[in-house]
Amino acid sequence: MLQSLFQPRPAAPAVATITPAALQRRLDAGEPVHVLDVRSSAEFAHDGRIAQARLLPLPLLAQRLAEVPRDAEVVLVCRSGQRSGLAAEMLVRHGFDRALNLVGGMQAWARAGLPTVRG
């Protein structure tokens, strides 16, 4: 048992990233990008969100992988980029090779002055 505690863990899969400005350009161009917000429903409703984003909280993601499109890019979003990074790693481990993490999350999106929706 102790031996298993000290064995190295497999490296986290490499996850591609996208900046807020690059995502906004792609959304403005009408590119087929699915924005998946992994925050809580309260954060999603009250803290502002990307208009095209769909809510799928991180704790539910593993149970609802069938709802995530495999045939298009999926940009994962959270408050700071940490939870969405974990979500993107999960998707990559499950064969989603077009998962992208939004660098800096909604904080970076807001700092860039990009549009948000509340409520």
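The values are calculated or read from the model by the stated rules, or taken from the named source; none is laboratory data. Since the model is a prediction, treat every value here as computed from it, not as a measurement. In this analysis, Cβ positions are derived from the backbone assuming ideal geometry, glycine residues included, and neighbour counts consider all displayed protein chains. Note: accessible area is taken over every heavy atom of the protein model, side chains too, but ligands, DNA and RNA are not part of it. Shrake-Rupley method; radii C 1.70, N 1.55, O 1.52, S 1.80 Å.
General observations
- With respect to the conditions (1) aliphatic (A, V, I, L, M); (2) under 10 Å from the mean Cα position of the chain (by Cα); (3) open to solvent by less than 50 Å² (accessible area, probe 1.4 Å), Val103 lacks only one, and its number is (3).
- Within the stretch 37-81, being open to solvent by less than 10 Å² (accessible area, probe 1.4 Å), part of a strand (DSSP E or B) and not acidic (Asp, Glu) holds for Val74, Val75, Leu76, Val77.
- Every listed requirement among (1) within 17 Å of Arg54 (Cα to Cα); (2) open to solvent by less than 40 Å² (accessible area, probe 1.4 Å) is met by Arg118 save one, (2).
- Scanning the stretch 16-36 for residues that are among the β-branched types (Val, Ile, Thr) and open to solvent by 50 Å² or more (accessible area, probe 1.4 Å) yields a total of 2.
- Options Ala66, Ala88, Ala42; residue that is touching a strand residue (DSSP E or B) at 6+ places or on another chain (Cβ under 7 Å) and among the aliphatic types (A, V, I, L, M): Ala88
- Identity of the residue in the stretch 84-98, buried (at least 23 other Cβ atoms within 10 Å of the Cβ) and under 9 Å from the mean Cα position of the chain (by Cα), that ends up farthest from Leu23 (Cα to Cα): Ala87
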